[in-house]
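> Right, I'll just put the structure down here and ask away after.
The values are calculated or read from the model by the stated rules, or taken from the named source; none is laboratory data. From a predicted model like this one, the values you see are computed outputs, not experimental measurements. Cβ sites come from the backbone with ideal geometry, for glycine too, and all protein chains shown count toward neighbours.
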Amino acid sequence: MTDNEQTNFSEIFTFRNGKTRPKSEGKYKVYGSGGLIGTCADTNTDGNVSVIGRVGTKCGNVFFVQDPSYVTDNAIIAKTKENFDPYYGYYLLKNKKLNRLRHGSGQPLINQDTLNGLKTPSLSKQQELSCAELLSSIDKKIKLNQQMNQTLEEVAKTLFKSWFIDFDPVRAKAEGRSTGLSKEISDLFPDSFEESELGEIPRGWKVDPLSQITSFKNGFAFKSKDWSDIGAPVIKIGNVKPLILDIDGCSFISDELAELHIEYLLSRGDIMIGMTGYVGETCLVPKLKRMPYQNQRVGKLIPNEEYLNAFLFSFLRQSKFKKKVEEISQGSAQQNVSGASILEIKFINSSNELIKQFSGITSALFEKILFNYEENLILTELRGTLLPKLISGELRIPDAEKLVEEAGV
């Protein structure tokens, strides 16, 4: 191999467009240009292929599909030829940042001719395999963290539902059964119920509005003229994703303007809520390289006491809360909800001691969720740094492995 030796993508891949999505539901996953969109009873790929967004806003998006699946006509299927590793092919496509190659004034488009015409530096078979193995180890760690976060949140939500919605320990005590909890915690639950405006609740507990435990702060109404190409990030409603804030696609303001609005600077662990569009969506703010500012229609809920953080966020993450926000929102074209309306939403309030016990258990879960997400940000950046250097042969595998080991993968 010479330094200038190149291989055409047409020698590495076989490209073909997906097909119209079948109407029937089934056990096989269906993928469009942006990823998973449903299921069907048929397949048009055996798996171990890369899928490329062909049209629309996700044009040039690349993801890997491991199992037999169905790919729609909004995407292109890229299957590596016999002498090439499928994962190496996936990273080749990722490295090309295909969204930059899309064309079309109306509907963005990328076609097979464009893909076949691409080239990449030629590597030995062993280099290809080592490259794919190293990069996939990072992806596996990212995926593991994502799955762990889903599990951790589910544990917190399940415990909240058991204690403060279904009242399982109270029912157990009322029926003379063990609560399965320590005596210290079990003693904090009553052994009978009483009626309330929300129905049957544990005796001695109250129905209170959220204003009893939290305050609300709306973001600043930054104007279109305030936006800058670089500077301080500003989150909008689209950044409020389930569980963890995502600043991809956020806007920016100048450093000078940021200094004038420092009160809207967010901190790690802040609780955010969507006020327009996807009303009632809630998330935590992770630690970022540069912390973002809060734009209007993105709300922040500020618990009155620190021990209320985990309790409040667990309540907000219950599906019933989001449905309630949707019910009280206004607007036919786009849903809107006010901070005052959110603070009027009722919850079942127990004792401070019980809430502290709950928070003592679940705070560690949410801290681990934030840590895992922050680790994934580091890993994603590391992958982005290594990918072009490994594909070009600029970085040797042992050196890359050392960097990955230092990152704790």
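> Those residues that are surrounded by 11 or more Cβ atoms within 10 Å (Cβ to Cβ) and of a type in the set (D, E, K, R), I need them from the stretch 201-223; list them, please.
Matches in the stretch 201-223: Arg203, Lys206, Asp208, Lys217.
> Looking at Lys173 and the list (1) among the charged types (D, E, K, R); (2) under 30 Å from the mean Cα position of the chain (by Cα); (3) surrounded by 18 or more Cβ atoms within 10 Å (Cβ to Cβ), which single condition is not satisfied?
(2)
> Going residue by residue through the stretch 84-92, is there one that turns out to be within 20 Å of Ser24 (Cα to Cα) and either at pLDDT 95 or above or crowded, with 17+ Cβ neighbours inside 10 Å (or both)? Steps first, answer last, please.
In the first step, residues of the stretch 84-92 are kept if they are within 20 Å of Ser24 (Cα to Cα); the result is none.
Looking for residues that are within 20 Å of Ser24 (Cα to Cα) and either at pLDDT 95 or above or crowded, with 17+ Cβ neighbours inside 10 Å (or both), one finds none in the stretch 84-92, hence no.
> Oh, and also: For the stretch 203-318, which fully contained strands (runs of 3 or more DSSP E) count at least 1 residues that are among the basic types (Lys, Arg) and at pLDDT 95 or above? Before you say what the answer is, go through the steps one by one.
On the way: elements: 206-209, 214-218, 227-235, 251-253, 271-274, 282-284, 298-303.
In the stretch 203-318, the matching strands (runs of 3 or more DSSP E) lie at 206-209, 214-218, 298-303.
> Tell me which residues, restricted to the stretch 67-83, are touching a helix residue (DSSP H, G or I) at 6+ places or on another chain (Cβ under 9 Å) and more than 12 Å from Tyr31 (Cα to Cα).
Going through the stretch 67-83, the residues touching a helix residue (DSSP H, G or I) at 6+ places or on another chain (Cβ under 9 Å) turn out to be 76, 78-81, 83.
If the condition is that a residue be touching a helix residue (DSSP H, G or I) at 6+ places or on another chain (Cβ under 9 Å) and more than 12 Å from Tyr31 (Cα to Cα), then Ala78, Lys79, Thr80, Lys81, Asn83 are the ones that fit.
> Restricting the stretch 23-41 to residues that are of a type in the set (D, E, K, R) and surrounded by fewer than 12 Cβ atoms within 10 Å (Cβ to Cβ), which is nearest to the chain's Cα centre (by Cα)? Don't jump to the end; show me each part of the working.
Let us first name the residues in the stretch 23-41 that are of a type in the set (D, E, K, R), namely 23, 25, 27, 29.
Those left that are additionally surrounded by fewer than 12 Cβ atoms within 10 Å (Cβ to Cβ): 23, 25, 27.
Details: Lys23: 29, Glu25: 26, Lys27: 25 Å.
By that ranking, first place goes to Lys27.
> Could you list all residues from the stretch 97-138 that are within 23 Å of Glu405 (Cβ to Cβ), among the charged types (D, E, K, R) and within 29 Å of the chain's Cα centre (by Cα)?
Glu133
> Is it true that some residue in the stretch 127-140 is touching a strand residue (DSSP E or B) at 6+ places or on another chain (Cβ under 7 Å) and surrounded by fewer than 19 Cβ atoms within 10 Å (Cβ to Cβ)?
Restricting attention to the stretch 127-140, the residues satisfying the condition of being touching a strand residue (DSSP E or B) at 6+ places or on another chain (Cβ under 7 Å) are none.
Within the stretch 127-140, not a single residue is touching a strand residue (DSSP E or B) at 6+ places or on another chain (Cβ under 7 Å) and surrounded by fewer than 19 Cβ atoms within 10 Å (Cβ to Cβ).
> Which residues, taken from the stretch 6-30, are within 27 Å of Thr120 (Cα to Cα) and of a type in the set (Ser, Thr, Tyr)? First the steps, then the outcome.
Applying the first criterion (within 27 Å of Thr120 (Cα to Cα)) to the stretch 6-30 yields 6-18.
Hits for the stretch 6-30 are Thr7, Ser10, Thr14.
> Could you check Ser341 against (1) closer than 17 Å to Phe160 by Cβ; (2) surrounded by fewer than 22 Cβ atoms within 10 Å (Cβ to Cβ); (3) at pLDDT 95 or above and say which number it fails?
The number of the failed condition is (1).
> May I pose another question? For Phe347, only one of the following conditions fails: (1) touching a strand residue (DSSP E or B) at 6+ places or on another chain (Cβ under 6 Å); (2) in contact (Cβ under 8 Å) with a residue 40 or more places away in the chain. What is its number?
Against the list (1) touching a strand residue (DSSP E or B) at 6+ places or on another chain (Cβ under 6 Å); (2) in contact (Cβ under 8 Å) with a residue 40 or more places away in the chain, Phe347 comes up short only on (1).
> Taking only pairs six or more apart or across chains, which ones have beta-carbon atoms under 8 Å, a first residue in the stretch 276-297 that is farther than 13 Å from Cys250 by Cβ and crowded, with 22+ Cβ neighbours inside 10 Å, and a second residue that is at pLDDT 95 or above and among the polar types (S, T, N, Q)?
No pair meets every condition.
> Can I ask one more? What number of residues in the stretch 182-203 are of a type in the set (S, T, N, Q) and closer than 12 Å to Leu354 by Cβ? Write out each step before concluding.
Of the residues in the stretch 182-203, the ones of a type in the set (S, T, N, Q) are 182, 186, 192, 196.
From what is left, the residues that are closer than 12 Å to Leu354 by Cβ are 186.
Residues in the stretch 182-203 being of a type in the set (S, T, N, Q) and closer than 12 Å to Leu354 by Cβ: 1 in total.
> Suppose we filter Ser359, Ser363 for residues that are at pLDDT 95 or above, outside any strand (DSSP E or B), more than 20 Å from the chain's Cα centre (by Cα) and not assigned by TED's automatic domain parsing to the domain that holds Gly238; which single one remains? Step through it out loud before you land on a result.
Details: Ser363 fails: more than 20 Å from the chain's Cα centre (by Cα).
Of the residues listed, the single one that is at pLDDT 95 or above, outside any strand (DSSP E or B), more than 20 Å from the chain's Cα centre (by Cα) and not assigned by TED's automatic domain parsing to the domain that holds Gly238 is Ser359.
> Surrounded by 15 or more Cβ atoms within 10 Å (Cβ to Cβ) and under 29 Å from the mean Cα position of the chain (by Cα): which single residue out of Lys161, Lys143 fits that description?
On the way: Lys143 fails: surrounded by 15 or more Cβ atoms within 10 Å (Cβ to Cβ).
Of the residues listed, the single one that is surrounded by 15 or more Cβ atoms within 10 Å (Cβ to Cβ) and under 29 Å from the mean Cα position of the chain (by Cα) is Lys161.
> Confirm whether Pro388 is assigned to a helix (DSSP H, G or I), without any contact (Cβ under 8 Å) to a residue 12 or more places away in the chain and not charged (D, E, K, R).
Working: assigned to a helix (DSSP H, G or I): yes; without any contact (Cβ under 8 Å) to a residue 12 or more places away in the chain: no; not charged (D, E, K, R): yes.
Taking the combined requirement at face value, the residue does not satisfy it.
> Restrict the check to the stretch 112-135 and report whether at least one residue is outside the structural domain of Asn8 (by TED's automatic domain parsing), at positive phi and free of Cβ contacts under 8 Å to residues at least 24 places away in the same chain.
no
> Can you tell me which of (1) over 23 Å from Lys140 (Cα atoms); (2) without any contact (Cβ under 8 Å) to a residue 40 or more places away in the chain is the one Val51 doesn't meet?
That leaves (1) as the condition not met.
> Sticking with this structure for a sec: For the stretch 161-185, which positions are assigned to a helix (DSSP H, G or I) and in contact (Cβ under 8 Å) with a residue 24 or more places away in the chain? Quick ask: steps written out before the conclusion?
Of all residues in the stretch 161-185, those assigned to a helix (DSSP H, G or I) come to 161-164, 168-174, 183-185.
Answer for the stretch 161-185, where residues must be assigned to a helix (DSSP H, G or I) and in contact (Cβ under 8 Å) with a residue 24 or more places away in the chain: Lys161, Trp163, Phe164, Val170, Glu184, Ile185.
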